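The values are calculated or read from the model by the stated rules, or taken from the named source; none is laboratory data. Keep in mind that what you see is a predicted model, and the values were worked out from it rather than measured. All Cβ positions, even for glycine, are placed from backbone atoms using ideal geometry, and neighbour counts span all protein chains on display.
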Amino acid sequence: MAISTLSKFTVPLSNDQSSASQGLLMPKLQYRFRLILENFGVSTPRSELTKQVIDVTRPSLTFDTVTLDVYNSKVYMAGKHTWEPITINLRDDVNNSVSKLVGEQIQKQFDFFEQSSAASGIDYKFTGRIEMLDGGNGASAPNVLETWELYGAYVENVNYNTLAYATSDPVTITLSMRYDNAVQTPQGTGIGTAVARTIGTLSTGGGQ
């Protein structure tokens, strides 16, 4: 027997025929995720990185502001965009699997022993995937609710962090990862969705 009172645990929606029976939708949970880096470093398996992730930030996007000064006012438009770097915190394992992969990736970008730089971006750039999961595991395989695919990525900053006698915390490595583009998949749910391009002649909006 359905408990009808639970369907009212949400915000009442006006002019919405489904609002009378619509309950609160299940949110995505922060701890249900996995991070996969493809073409990162040289050694295999790269799944060692996935198993040692502590946390990762999701992509952040900023548009430059284009200001048009007019008679008594200003008009603002969106200019070029910037994908902000994401941060990855990793546990450093006793087999050195994580530190080895991180070191290999840094060496691909710049050989610190020979002081030799990579010839081009394609020599060291990799792809990242942040997959949000539904909580399944084992015999009940997890479903991927959303994937952020990061293209043209490289390590912008690496921090091997602190050692201290006064703590029981694991040793960590923090990566700041810069990338050229990001797309949400499956397409149709966010960034990367096909939206018809319109061509107008006015700098103002609002349907005038």
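Brief remarks on what is shown
- Residue ID - farthest from ASP169 (Cα to Cα), chosen from residues in the stretch 57-112 that are of a type in the set (A, V, I, L, M, F, W, C) and assigned to a loop (DSSP other than H, G, I, E, B): PHE112
- Test result for GLU114, in contact with a Gly (Cβ under 6 Å, 6 or more places away or on another chain) and not hydroxyl-bearing (Ser, Thr, Tyr): no
- Within the stretch 128-170, the set of residues being touching a residue at least 24 places away in the same chain (Cβ under 8 Å) and among the acidic types (Asp, Glu) comprises GLU131, ASP134, GLU146, GLU149, GLU156.
- When every residue of the stretch 159-174 is checked against the conditions, none turns out to be within 23 Å of ILE122 (Cβ to Cβ), aromatic (Phe, Trp, Tyr) and surrounded by fewer than 16 Cβ atoms within 10 Å (Cβ to Cβ).
- For the condition touching a residue at least 40 places away in the same chain (Cβ under 8 Å), assigned to a strand (DSSP E or B), under 17 Å from LEU49 (Cα atoms) and touching an Asp or Glu at 6+ places or on another chain (Cβ under 6 Å), THR174 does not qualify.
- First in the stretch 1-27 and among the aliphatic types (A, V, I, L, M), second anywhere and modelled with pLDDT of 70 or more, Cβ under 7 Å, 6 or more apart: LEU6/GLY23; LEU24/PHE9; LEU24/THR10
- Any hit, the stretch 176-185, residues being closer than 16 Å to THR87 by Cα, in contact with a Pro (Cβ under 8 Å, 6 or more places away or on another chain) and loosely packed, with under 12 Cβ neighbours inside 10 Å: no
- Candidates THR189, THR198, filtered to the one that is out of contact with any Gly (no Cβ under 8 Å at 6 or more places or on another chain), part of a loop (DSSP other than H, G, I, E, B) and closer than 22 Å to ARG34 by Cα: THR189
- Checking the stated criteria, GLU84 turns out not to satisfy the condition of being within 29 Å of VAL183 (Cα to Cα), surrounded by 10 or more Cβ atoms within 10 Å (Cβ to Cβ) and out of contact with any strand residue (DSSP E or B) (no Cβ under 9 Å at 6 or more places or on another chain).
- Number of residues in the stretch 1-39 that are surrounded by 11 or more Cβ atoms within 10 Å (Cβ to Cβ), over 16 Å from the mean Cα position of the chain (by Cα) and either among the charged types (D, E, K, R) or at pLDDT 85 or above (or both) equals 2.
- Close Cβ contacts (under 7 Å, 6 or more residues apart or on different chains) running from residues in the stretch 47-67 that are farther than 19 Å from GLY152 by Cβ and modelled with pLDDT of 95 or more to residues that are part of a loop (DSSP other than H, G, I, E, B) and not aromatic (Phe, Trp, Tyr) comprise GLN52/ASP93.
- Qualifying residue in the stretch 99-112 (condition: closer than 29 Å to LEU133 by Cβ, hydroxyl-bearing (Ser, Thr, Tyr) and exposed (fewer than 14 other Cβ atoms within 10 Å of the Cβ)): no
- Some residue of the stretch 148-161 being part of a loop (DSSP other than H, G, I, E, B), within 30 Å of VAL94 (Cβ to Cβ) and touching a strand residue (DSSP E or B) at 6+ places or on another chain (Cβ under 9 Å): yes
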